1. Quickly run through the range A:86-133 and pick out the residues that are open to solvent by 70 Å² or more (accessible area, probe 1.4 Å) and not in a loop (DSSP other than H, G, I, E, B).
2. Determine whether A:SER299 is of a type in the set (Ser, Thr, Tyr), modelled with pLDDT under 75 and closer than 19 Å to A:ALA546 by Cβ.
3. Tell me which residues, restricted to the range A:605-660, are in a helix (DSSP H, G or I) and either touching a strand residue (DSSP E or B) at 6+ places or on another chain (Cβ under 6 Å) or open to solvent by less than 10 Å² (accessible area, probe 1.4 Å) (or both).
4. Suppose we filter the range B:197-228 for residues that are of a type in the set (Gly, Ala, Ser), on the phi < 0 side of the Ramachandran plot and in a loop (DSSP other than H, G, I, E, B); how many remain?
5. Name, by its number, the condition in (1) buried (at least 21 other Cβ atoms within 10 Å of the Cβ); (2) modelled with pLDDT under 85; (3) part of a strand (DSSP E or B) that does not hold for A:THR685.
6. Do you know which of the residues in the range B:9-41 that are within 12 Å of B:SER71 (Cβ to Cβ) and open to solvent by 70 Å² or more (accessible area, probe 1.4 Å) is modelled with the lowest pLDDT?
7. Under 7 Å between Cβ atoms, which residue pairs at least 6 apart in sequence (or on different chains) link something in the range A:360-373 that is in the same structural domain as A:LEU308 (by the TED database) with a partner that is modelled with pLDDT of 90 or more and assigned to a helix (DSSP H, G or I)?
8. Criterion first (open to solvent by less than 30 Å² (accessible area, probe 1.4 Å), hydroxyl-bearing (Ser, Thr, Tyr) and part of a helix (DSSP H, G or I)) does B:SER186 satisfy it?
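The values are calculated or read from the model by the stated rules, or taken from the named source; none is laboratory data. From a predicted model like this one, the values you see are computed outputs, not experimental measurements. All Cβ positions, glycine included, derive from the backbone under ideal geometry; neighbour counts span all protein chains shown. With ligands, DNA and RNA removed, areas are computed over all heavy atoms of the protein, side chains included. Shrake-Rupley method; radii C 1.70, N 1.55, O 1.52, S 1.80 Å.
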Amino acid sequence: MHHLTLPMMKHNLRKLIPAGIAVLIGTMFITCTLIFSDAFSQAMIIRNTLSFASSNWQLTIPKQQTNDAEVSLHAVRDYKLDQLNRIAKTQSVAIDGIRVDSVNQIRIQQGDEGYTEIAIPTATRSSMVPLDIVEGHQPTEPGQIAIPKSTADSMKLHIGDRVRTTAKSELDASELDTPEQDVSEQQHSETDQPQDSVATLIEEPLTIVGLTHEPKGSYIYGGAALVTPATFAKFMGLPSFNDVPCSSVFVQMSGSEEAQQQVAEQVQKQLGLTLQSRSEVASQILKNQSGENDAIKMSLLSFGVLSLFVAALVIGNTFQVLVAQRRRTFALLRIIGAQSRQLYFQVVLESALLGLASSVLGVACGIGAMALAISAHVFGTSMTMHVVITTSTLITPIVFGVLATIVASLSAARMATHVTPLEALQPLDLVEHTQRQRVRTVFGTIVLLAGVSLAIWAAQYWKTAENSTWLLAAITGCVLTFSGVGITAHFWIPQLLRLIGKGVSKIGPSAKLAVANIAKNPRRITATGLALLIGVTLISTIGTGAACAKQTMNTKLNTKYSVDISVSGIPNDQAASLKQRLHKEPGIQSVLAAPTAQVKVTDNVPEAMKKTPHGTDLLVMGIPNLQSLKSVLNVTVPPMHWDADQILLSQLLPASGARIQYQPQLTIREYQHADSSDPSEPALTVDTHVLNFRNIVDTGDTVAFVDASLFDQQVLHAQSTTMLIRTDTTAQQSESEIVHTVSNAVPDIPQVSIVAPVVEKEKWNTTVNQVLLLFVVLLAVAVIIALIGVANTLSLSVIERTRETATLRAIGMTRQQVRRSIGIEALLTTVVSSLVGLMLGTGFGSLGVAMVLGPVVHEFTFTIDWVGDAVILGIAIAAALIASISPAQIANRVSPVEALAVE
Amino acid sequence: MNAEQAMQQTSPVIEAVNLCKTYGEGESAVQALNNVNVSFERGQFTSIMGPSGSGKSTLMHLLSGLDSVTSGHVLFRGLDLTQLNDVSLTLLRRQQIGFVFQNFNLLPMFTAEQNILMPLSLAGKKPDRDWFQLLVKTLGIASRLSHRPAELSGGQQQRVAIARALITKPDVVFADEPTGALDTASSREVLNFMRRSVDELGRTIIMVTHDANAAAWTDRALVMVDGQILTDVPRPTAELMNDQLTTVRR
């Protein structure tokens, strides 16, 4: 019977095409996801092993039992490089080069201008340095430096120029995890304060011998400078390069694979050090990164699966209507001898062919779309991505597409087997089997309840790290819920409409007719309503998801990076002029100069502070009023009473991240020295307010704000001034450039330090915006699917309408009334389906975002995009009205006599 | 001719025994057939007549196995149709029973030839080309074989339907108001060809009709009213049948 399939498909092509497009979109999406994920992973590997340059191995010292999140820094000598050499020789492996992975901040100055740069030491083999030399050469002798070309251009420097280079040696001895303590020229306080009171400046005149370029963006400030190891050690205030702290050593070895592997094993055994190959490092990085990458991949894949699910719904709907329409054909086939089994197979085969064709096209489109997106740098230029196609990329979407299509058509196929031969001889009235409907309703309700409970249960675990299973559970819950809603649609859609209809029919005869039509054609109304429901739910899910995601990320970013730029340690006399200078710069929106003093909390000390060493230390900053604080703080300051008796404290203890519970009041006192037990000033009792802000300074001090009048009246004495700066987001300069500007304006004193979390925030913002771009694409996809579904069912209803309308016109209904009645019918169906869809979509979208973002950012902000929802509703209504025009026109065009004639 | 063939030639091809059919339940129950007993011989062109609601279409549906009986039996060449399941009934319709209706006989997406050969396609059998040629020649549609139903006239469509009904050389062909939607000229064509199928090709046709002129082409006419067979008229003429129908309606 299969040779019957193709002619029957061709006959129905127009109706099958929309369903095919839905499958195409679904498979295209899955293809894109798979390609994106593979390309992303590959790009991540490339990016993360950039620091390798030409090295093929990395030597690290395994972490000891420390509680530090940071990698503890070991000195170069701890890497026992001479022993490494010996071991390599025993395995006949040659060590071609060594590069020490260490960084330091230096400042390059020419006259008044100065630029802060990252400096790295050269390697024994120049190809191991992850920088390009665009002019000149790498430093080979002390007294030489290679600086980034961008800095050279900005400062108008050339090869051969001599520049003044300075570096701070603020090394705290506790940063070195070696038994040998390095003594640098600084004062040590016995109680080991995290902040040193004095530091030395090391100056060195250097000649520029080369210009560097770092195109891939591994280092901030756009590049790094190169100095020889001797100079590097000098800048750190260390006697030799062996004392320089570094996080790893890169090695370039040559020899047979097995021999190199042997070296690695011996290094582990004899030296207790870890020597990893490039690929090992890459896979480890991938594993560590996988948290973030997985979230993206999982959410994208979930959307892919979801879109296939939606496509399956559209197909199911389409085939149901198709089979219903083909009942007479099927009945005729049954009369002339087709078995029900043959009809079932016929429908399944048709759907399989449709699924196959659409899926193959979908994969092709997916590959094309990704190639386009990657070449257009849609995913940002920070990583170079290439289209990666594997067999699974090709096969998986097709398999899923065909399976989804077949499964979707099974219920329609079963419907086909229930066609009796007699139906061919009967007029075109479709018989409803109420018994089967009841079973369906019960089944659907069970599915719905199961889905809701699953979703709610999974939602509790939204913050859990190990949550790809919970995400899957949540998605399954949502899918089941929606399936349940869809299966029972034949019950609640007509019921709801009937309820509303009672009121609506009072409007006029057309309305009464519309309501009557709705009641008479529950099947058709359900099909249309369901198509609309699918579309609106999808759109609303994505819209809500995007709104919640953006809001959540914003809140998170603003809390974590509460201030764009902060400069601390500014001498009080220079504060005013610096503030003036900063205000003049474009890219700076507001500046708050806050006198800063170090105090201790002496009374009503919170528990959390008591538990931490130096927990009672507080860095207080004076603000003239709340408005000035609001102008620089990214966190929303709630309205509060503010005067000299108020203090605004941070909610978290920076050292441990513990939440601090404050009493309504506390007392602070200034101390002359950190450990002095005699307070130098009388105690100050203030009313407490709490706000969750972070990263105002990078020293780990707990920060609080008080009224500046306390400083003016000499109640508190400012040790220095802290400048809090908000950047202008509309400025043309990038955040890095603005930070450069600030660092230029700032006086060149060792105590001054600049913290620029805004640069980190920018990077996050860019990522968030890229993901949101993805959401917009998804939205477009959803709109297309929705329109397809609606157009499909509406067009299919035209044929049925022709007879009905003809009858009514024959008994005296005007064309106008027909149009209006069809319009009202469409409107009612749309409003009901859209409202339900919006509710479902809001629920699904927020749950989805909470599950995906939860483990990554540990936060979730729920927002309802009222404007967006209103727009969706408005567009749906407009679309329904427009879509109802065509059937109305067709129905009106046919003369009643023609339409009523028995076929 | 051997004994079996002889028996086949003389025994009725279809027999209705105490046939009853009721639609609906309780108060709204309608008795469509009320204890009908009738048999049909091979090689005969029979018409079943009667006003609307007389049960003639129902009788045809039951005789052909398209619908189930409420009580009684239908013996098709000795086989009790009421005992058969859907699969067997379907096979019967495929191989031994042919159908022609008033409307919608043909599948619009296939050509005339494909429509004619459809029952064989369903069975996966190869057509008997000689028989096919004979049919299309007799029915005068040889030149229209590659056309789709939309391109054929009403009369031509019905003739294609008849060819389809006959392609499997069925034991009996049921025709339900085959000329109902046709004008006089086309009706004549169709009836003529049905007559020739019976006379020249040895077929058995049972035709339900309300048209006395159509009945005049048949060998035997049954008149039904209110679910029962009233009269059984051999060699009917148009006037005779008209009289019958008028009497019945009174």
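1. A:ARG86, A:LYS89, A:THR90, A:GLN105, A:GLN110, A:GLU113, A:SER126, A:ASP132
2. Taking the combined requirement at face value, the residue satisfies it.
3. Hits for the range A:605-660 are A:MET609, A:SER628, A:LEU629.
4. Looking only at that region, the number is 1.
5. Of everything listed in (1) buried (at least 21 other Cβ atoms within 10 Å of the Cβ); (2) modelled with pLDDT under 85; (3) part of a strand (DSSP E or B), A:THR685 misses just condition (1).
6. So, considering only residues that are within 12 Å of B:SER71 (Cβ to Cβ) and open to solvent by 70 Å² or more (accessible area, probe 1.4 Å), the one modelled with the lowest pLDDT is B:GLN31.
7. Cβ pairs passing all conditions: A:VAL360/A:ILE398; A:VAL363/A:ILE398.
8. yes
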